[in-house]
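Participant: Sharing a structure with you now.
Bear in mind these aren't lab numbers, they're just calculated from the coordinates by the rules spelled out. Computed from a prediction, not measured in an experiment: that's the story for all the values here. Cβ placement follows ideal geometry from the backbone for every residue including glycine, while neighbour counts extend to all protein chains displayed.
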Amino acid sequence: MIKAIVTDIEGTTSSLSFVKDVLFPYARAHIAEFVRDHAGDPEVRQLLRDVSREAGRELDAGQAIEQLVEWIDQDKKITPLKALQGLIWEEGYRKGAFTGHVYEDAERNLKAWKACGLGLYIYSSGSVHAQKLLFSHTDYGDLTPWFSGYFDTRIGGKREVDSYRRIKDELQLLPESLLFLSDIKEELDAARQAGFHTIWLVREGKPDSDAEHLQVQDFDQIEIVFSNDR
């Protein structure tokens with residue numbers, strides 16, 4: 001029986017193009033200005049130290065900016081970069097530069113699953129801060145009350161089996177009571193190896209009945225057998 005759902009964001013609850021064409025370009029365009037303006041803030045100062053550690057050498061602010069832009073262009077899933085992007089996006093949301101995109105079918109089904117007693121959790125390569133920003137600034141309003149927890153790369157990489165084992169341990173649930181939703185096969189492979197049930201979102205194109213994971217085009221096609229025994 002499914003007791004909790006752990007879902008990816010990009011390509012699953014939310015459009016790939018929102019992240020690729022809105023969030024990432026906004027962070028890239030503003031990261032130099034943000035680092036220069038906030039380099040003295042304790043949180044940003046620590047993140048810049050983390051950037052140096054990840055780069056394997058001591059970087060001044062200018063060098064850190066160059067490294068961050070390089071990582072953005074390479075689509076690197078590096079924790080201090082994701083944290084800084086989250087802070088930049090926070091300014092963007094606050095200024096009304098964009099709202100967080102969530103598919104209508106995702107919003108509707110997440111609401112229904114929550115009402116049925118299922119636990120809802122997010123696992124994304126974007127920072128927890130960025131995740132909360134997206135779901136608190138949607139066209140449907142603030143959806144964060146629906147979620148019981150958030151996971152990012154601090155728990156481990158999304159293609160690593162141990163990451164899902166750590167999530168299972170934190171939730172204190174048996175893996176067979178957990179369902180993971182994603183649009184990335186390698187993430188689903190890792191989750192399945194950890195004992196999770198898996199569903200593969202294929203929002204563009206036709207689902208393949210022979211795929212290694214059950215494929216659906218949207219959340220309306222997901223059927224869940226769940227238990228209210230918490």
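Participant: Could you sort 213-221, 64-72 so that the peptide with the highest average Cβ count within 10 Å comes first and the rest follow in order?
Facilitator: 64-72, 213-221
Participant: Given just the C-alpha atoms of the range 32-71, how large is their convex hull per residue in cubic angstrom?
Facilitator: 57 Å³
Participant: What's the angle, to the nearest 10 degrees (0 to 90), between helix 61-73's Cα axis and the longest principal axis of the chain?
Facilitator: Relative to the chain, helix 61-73 is tipped by roughly 30 degrees.
Participant: Report the antiparallel proportion of the DSSP beta bridges in the range 122-230 as a percent, rounded to a multiple of 5.
Facilitator: The answer is about 10 percent antiparallel.
Participant: Let me ask something else. Taking H placed 1.01 Å from N in the peptide plane, check which residues at least 5 places from A4 or on another chain put their amide H under 5 Å from its amide H.
Facilitator: So A4 has HN proximity to G119, L179.
Participant: Given a Förster distance of 22 Å, report the FRET efficiency between F98 and D60 from their Cβ-Cβ distance, rounded to the nearest 0.05.
Facilitator: It comes to 0.10.
Participant: With everything on Cα atoms, drop me the angle between helix 79-95 and the longest principal axis of the chain, reported from 0 to 90° to the nearest 10.
Facilitator: Here the helix axis deviates by roughly 90 degrees.
Participant: Please work out, to two decimal places, the log10 of the ratio I(q)/I(0) at q = 0.13, 0.17 Å⁻¹ from a Debye calculation in which every Cα of the chain carries one identical scatterer.
Facilitator: -0.79, -1.24
Participant: With contacts defined as alpha carbon pairs under 8 Å and 6 or more residues apart, what's the relative contact order of the range 1-159 in percent?
Facilitator: With pairs under 8 Å counted, the relative contact order is 30 percent.
Participant: Something else: Given the options I122, I155, I199, which has the most mean-square fluctuation in a GNM of the chain, springs set between C-alpha atoms less than 10 angstrom apart?
Facilitator: I155
Participant: If I fit a long axis through the Cα atoms of helix 24-38 and take the longest principal axis of the Cα atoms of the chain, what angle between them do I get, 0 to 90°, rounded to 10?
Facilitator: In the chain, helix 24-38 runs at an angle near 40 degrees to the longest axis.
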